[in-house]
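Have a look at the structure below before the remarks.
The values are calculated or read from the model by the stated rules, or taken from the named source; none is laboratory data. All values derive from a computational prediction rather than experimental measurement. As a convention, Cβ positions derive from the backbone with ideal geometry for all residues, glycine included, and neighbour counts pool all protein chains shown. Surface areas here come from the heavy atoms of the whole protein model, side chains and all, with no ligands, DNA or RNA. Shrake-Rupley method; radii C 1.70, N 1.55, O 1.52, S 1.80 Å.
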Amino acid sequence: MDDLTYVLVLPDRDAAEEVAGLAVERFGLTGEPQLIRDALAGEDDAEDAQWLVVVEDAREAVAAELEELAESYDGWLEGSATVPDGPAE
């Protein structure tokens, strides 16, 4: 079975840290989500940044719940990508 990687976009670091913690608790993730600061293009102000929460090895069934979680913190689910289980043949 293939695992998915989801990217949630949050408005600030506090929201991203809280969402990452809740994702681990609620969905039994095997690893900690990555937090990435994403400066908005053309913005000089350090405050103008969104935070990405990268959730790896998640089941497809949690996509709707991840989206709801992100939206409850004024964020959104950017999308997902399939990560193959083994090497490509």
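Points worth noting:
- Here TRP51 clears all of (1) farther than 15 Å from VAL9 by Cβ; (2) modelled with pLDDT of 90 or more; (3) touching an Asp or Glu at 6+ places or on another chain (Cβ under 8 Å) except the condition numbered (1).
- Long-range neighbours under 6 Å by Cβ, at least six apart or interchain, first residue farther than 20 Å from ALA49 by Cβ within the stretch 1-23, second open to solvent by 30 Å² or more (accessible area, probe 1.4 Å) and among the aliphatic types (A, V, I, L, M): ASP3/VAL83; THR5/ALA81; THR5/VAL83
- Only one of ASP44, ASP38 that is outside any loop (DSSP other than H, G, I, E, B) and either at pLDDT below 90 or open to solvent by less than 50 Å² (accessible area, probe 1.4 Å) (or both): ASP38
- Within the stretch 1-35, the residues that satisfy the criterion of being modelled with pLDDT under 90 and assigned to a strand (DSSP E or B) are ASP3, LEU4, THR5.
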